[in-house]
Amino acid sequence: MKSLIAWIFIVLSALPTGAQEHFVEVVVTDTILIPADQFIFQVMAMPDDMTMETATTTPIDYSRRERQMRQRQKSMLDSLQAKLMRSGFIPAPLSISDMASGRGYGNQFLTYQLVSEAELRRFQHALRDAGAVNAVLQSAVSTKEIDYQQRLYAKMMDKARANASALAALSGRKLGSILMVSETADENNRWNPYMPTISSRRPGMMSADTPEVNANYALRGKLLVRFGW
């Protein structure tokens, strides 16, 4: 029994005390810019006189005006869809929400998926002189995002080792191996590209015939890295 107690004492004595003194943790962040090659746009019809006065309008007049406006939106989108189809752009099928709203009522829009930056340029050109419409960017991603994500990891790991080495030198320690790596979740890790609404008529917004659109977006990461020392 005494020998067992002595063995346990030796083992416990060999364990490190003040474990927090035997490692250093650093948190690093970085960002990488990615060229997008997949885009989703919603194109909406925006008649010039779409805003309706409600204070001086009777309910009957308002309802009639609303029906007229919805019909104008539908006519505009039908015309735009035909124009874009001649340029090779086919709208996505109606979604459940589209069908629930009964296309032709409420806010009107068509959805287009573009599979390259070259298509984005053609799409922008096709909207020239399209009338009162806005093309609103819904999504912009890259099919090679995983490659850029790995580059981002490599950048952050290099930065983590450099920071930890500096801390070790200042503390009179010798930096050891990596003990743990943890990726800190960030709900806003993807920054959308700065791509204003493509508008055919609204001053101050991007014109449909603007030659260049920023098709890049930023991906940022955050790592917690623990090194022994």
Checklist entry - Which of the peptides 161-168, 59-66 is most tightly packed, and how do the rest follow, judged by the mean count of other Cβ atoms within 10 Å per residue? => result 161-168, 59-66
Checklist entry - To the nearest 0.05, how large is the calculated FRET efficiency for ASN216 and GLN113 if R₀ is 25 Å and r is the Cβ-Cβ distance? => result 0.85
Next on the checklist: Which of MET85, MET156 has the fewest other C-beta atoms within 10 Å, and how do the rest follow up to the most?
Outcome noted: MET85, MET156
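A short reminder: the numbers here are calculations on the coordinates, not readings from a lab. What you are looking at is a predicted structure, and each value in this text was computed from that prediction instead of being measured. Reconstructed Cβ throughout: ideal geometry from the backbone, glycine too, with neighbour counts over all protein chains shown.
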